[in-house]
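Report on the structure given below.
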Amino acid sequence: MTGPATALMLEIENLSKRFGSICAVDELSLEIREGEIFGLLGPNGAGKTTVVNMAVGLLRPDSGTVSLRGTGSPADPAVRAQIGVAPQALAIYGDLSGEENLRFFGTLQGLKGKGLAERVTWVLDFVGLSDRQKDRVKTYSGGMKRRLNLAVALVHDPALLLLDEPTVGVDPQSRNAIFQHIETLRNEGRTVVYTTHYIEEAQRLCDRVGIIDQGKLLAMDTVEGLIKAHGGTSVIYLDRGRGDERIETVEPMRELMKIHEGGNVRTFKVDAPDLECVFLNLTGRRLRDN
Amino acid sequence: MNKVLALAGKDLRILLRDRTGFFFSLMWPLIIAIFFGTIFGGGGDGGSAIAIVVVDEDSTQVSGDFIATLAASSELDVERATLDDAVDLVRRGKKTSFVVVKSGFGKASENPFWGDAPTVEVGTDPARRAEAAMVEGILMKYAAERMQNVFSNTDLQMKNVDEAKEAIRTSAGMDPATRERFEGFFGALDDFLAEQQQLQAADTGFAAGGGLGGFTPLKVEHAQVTRERRWPTNAYAISFPQGIAWGLIGVAAAFGISLVTERTRGTLVRLQTAPISRTTILAGKALACFICTVTISVVLVIVGRLLFGLRPTSVGMVAFAIVSSAIAFAGIMMLLSVLGKTEQAAGGIGWAVLIVMAMLGGGMIPLFILPPWLKTLSNVSPIKWSILAMEGAIWRQFSFQEMLVPCGILIGVGVLFFAIGVRAFDWVQQT
């Protein structure tokens, strides 16, 4: 997290939700600060979407509380109006144009007249769909639909943006475009909760990351903090003419300098721990295997 | 309200852009109405011939010949009756007009040069002015033909001239100068007709055609008959209310599925996360269904009125019937929408329920020919009350009090089913 942003945007306390015999979320607590991008990283079925649905008031928790800016629960429509959601499933109408979708959802958010028109224009420009705004959404590419899905979440200028797996099924080019949009939002000081099962996305975008598995929050910190606390050692693979060597170290740079001073290094490779290692160390499973 | 309108507008826009949905919502009911109206007899007034009933008060050879001419015409479907029966037939809508051939018709026909013109009285429902004008035109046509025959019959014309000359000769009040002029005229006419007769006898082919115009061939008096529409004017009066019922069914089924579609495609989540209540969301859906059913009903009534001879009692009654039916089916749609968890389930359940409603309620077989036990059973079907309300406004000539029964039931059904649907709507489907 950069900067002094410490005011709380979203406070989740001891949240639990069961679906029959399945515990989807188990005593989960989070604090999201204003202006940060918070990543909720976990495999499919970990409970990320359930957390988002409870955070936006769509699901009633079995126990625990959700509070936005200390103003109350998102079950209250007035509180919910401060949240923008981009669901994992594309929640847009294929038979309407991009502009019609935005106007419709903007109206539901209470916008009208000139204010609505200005927001629609801005958000279309923001996601780069101005030139296709009159076309029906069913003619859009998958990436364009994802961008529109994001635009709908932004149309009413919400204080908190909940993005649930916003890059699922998107080609690399469109994924990169979405990353750029989110980075722009971060630079503007927008608060974003970003759920993903892609380690690279969490590492690239998020100021802080919560690791979630089987409904439990296993760890929460900055990416560096998580790796330092749970990532384990770096591994240096090298060849000094006497066969392959493997050296584990918590300070790979210092170790490399020492190896270099010894000379005769033919090849080397450093495997630094990442969030995958964090997840492996916390759960005993690899995230990618899920 | 702005948000409810936005929700309804979105659904209607999507429906209009879905060609299949649009076809089955609007065109299919129209096709049903026209198809069944046509195969069950089309215009009940005898196809293109206008059905009239004729009363012969003159009972002469001439009046009999005139009526026989009308009966032989292709434009008219003629039935003879007493005056009371004729008036009753028109009042009940079984005949378009009655025509009374007034006493003195035969005598007046034989004397085209003086006295009153042969007179008939035409009685018509004021709401059927167009057909009344056509009937009058047809009567004039055959009266003119009859007069043409009179003028081409030189024997009859010479008899008429002789009678005219005798009437002038014996006229007491006529001044001598006028009498002399008339006698000169009729003398010359008498000579002319004698020559015509000789030419006809010589078979020269010259004498065809009378050519003496300017006389009134027929005097038409008018009588108004206030009709009791306790019987449909034609088969379309039955099939169009049925067609409207099928439109209501189609729209209820389509919108019932659309709520499940919103859920399965993820857009319901977006609606639910907007700062609006569930009632607002469902009210928007119901309003779209309501607007759609009203539109379809209005279009069918207008098409039926303009092209298929529907003659609603009043615009107000039709509007009452349409709005009541639309409220009922918006409520039914809401209930159907919560019965299925998937589009397939919702569609299957919806059509199963609606088809049974249609079968019981007269959507397939007209209510008035159902056996008594089935008529009683049909009371459970909103389709029955919808068709009855439409028929009440179109041909049963219901009073407002009579309309209150079916329309009240429809509104009650709509409100009740909407409330149940809202309550039963699984706001968050537990998956």
* To do: Select from region A:68-101 the residues that are at pLDDT 90 or above and more than 12 Å from chain B (Cβ to nearest Cβ) and write down the one among them that is surrounded by the fewest Cβ atoms within 10 Å (Cβ to Cβ).
  => A:GLU99
* **One residue from A:GLY106, A:GLY113, A:GLY98 being farther than 20 Å from A:VAL56 by Cα and within 25 Å of the chain's Cα centre (by Cα)** => A:GLY98
* Single condition B:ARG270 does not satisfy, out of (1) more than 23 Å from B:ALA419 (Cβ to Cβ); (2) touching a residue at least 12 places away in the same chain (Cβ under 8 Å) -> (2)
* To do: Please determine, by comparing only the residues of region B:349-398 that are among the polar types (S, T, N, Q) and within 28 Å of B:LEU259 (Cβ to Cβ), which one is surrounded by the most Cβ atoms within 10 Å (Cβ to Cβ).
  => B:SER386
* Structure fact -> When (1) of a type in the set (Gly, Ala, Ser); (2) assigned to a loop (DSSP other than H, G, I, E, B); (3) at pLDDT 80 or above are applied to B:GLY93, the one that fails is (3)
* Asked: Given the conditions (1) closer than 19 Å to A:PRO158 by Cα; (2) in contact (Cβ under 8 Å) with a residue 12 or more places away in the chain; (3) not basic (Lys, Arg), which single one is not true for A:GLU201?
  -> (1)
* Structure fact -> In the set A:VAL52, A:VAL79, the lone residue that is more than 20 Å from the chain's Cα centre (by Cα), outside any loop (DSSP other than H, G, I, E, B) and among the hydrophobic types (A, V, I, L, M, F, W, C) is A:VAL79
* Structure fact -> Log entry, pairs with first residue in region B:418-431 being within 14 Å of another protein chain (Cβ to nearest Cβ), second being modelled with pLDDT of 85 or more, beta carbons closer than 6 Å, six or more apart or on different chains, reads B:VAL428/A:LEU59; B:GLN430/A:PHE19
* Structure fact -> Residues of region B:63-90 being closer than 25 Å to B:ASN234 by Cβ and part of a loop (DSSP other than H, G, I, E, B), in sequence order, are B:SER73, B:SER74, B:GLU75, B:ALA81
* Does at least one position in region A:16-32 carry a residue that is over 18 Å from the mean Cα position of the chain (by Cα) and polar (S, T, N, Q)? -> yes
* Scan region B:5-33 residue by residue and report those that are touching a Ser or Thr at 6+ places or on another chain (Cβ under 6 Å) and more than 10 Å from chain A (Cβ to nearest Cβ). => B:ALA33
* Hey, among A:LEU30, A:LEU10, A:LEU15, which residue is out of contact with any helix residue (DSSP H, G or I) (no Cβ under 7 Å at 6 or more places or on another chain), away from chain B (no Cβ under 14 Å) and more than 25 Å from B:ARG265 (Cα to Cα)? -> A:LEU30
* Looking at region A:249-267, is at least one residue outside the structural domain of A:SER21 (by TED's automatic domain parsing) and assigned to a strand (DSSP E or B)? -> yes
* Asked: Limited to region A:102-118, what total is found for residues that are buried (at least 20 other Cβ atoms within 10 Å of the Cβ) and not small (Gly, Ala, Ser)?
  -> 8
* Which listed residue, of A:VAL270, A:VAL278, is in contact with a helix residue (DSSP H, G or I) (Cβ under 7 Å, 6 or more places away or on another chain) and surrounded by fewer than 18 Cβ atoms within 10 Å (Cβ to Cβ) -> A:VAL270
* Scan region A:186-194 and give yes if some residue there is assigned by TED's automatic domain parsing to the domain that holds A:ALA24 and over 30 Å from A:TRP122 (Cβ atoms), otherwise no. => no
* **Of the criteria (1) of a type outside the set (Val, Ile, Thr); (2) closer than 21 Å to A:LEU90 by Cα; (3) not assigned by TED's automatic domain parsing to the domain that holds A:GLY64, which one A:LEU163 fails** => (3)
* Have a look at A:ILE259, A:ILE227, A:ILE236 and point out the one that is among the hydrophobic types (A, V, I, L, M, F, W, C), surrounded by 12 or more Cβ atoms within 10 Å (Cβ to Cβ), on the phi < 0 side of the Ramachandran plot and modelled with pLDDT under 85. => A:ILE259
* Look at region B:265-280 and say how many of its residues are part of a helix (DSSP H, G or I) and at the interface with another protein chain (Cβ under 9 Å from one of its Cβ atoms). => 8
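The values are calculated or read from the model by the stated rules, or taken from the named source; none is laboratory data. As the structure is a prediction and not an experimental result, all values here were calculated from the model. Using ideal geometry, Cβ is built from the backbone for each residue, glycine included, and neighbour counts are taken over all protein chains shown.
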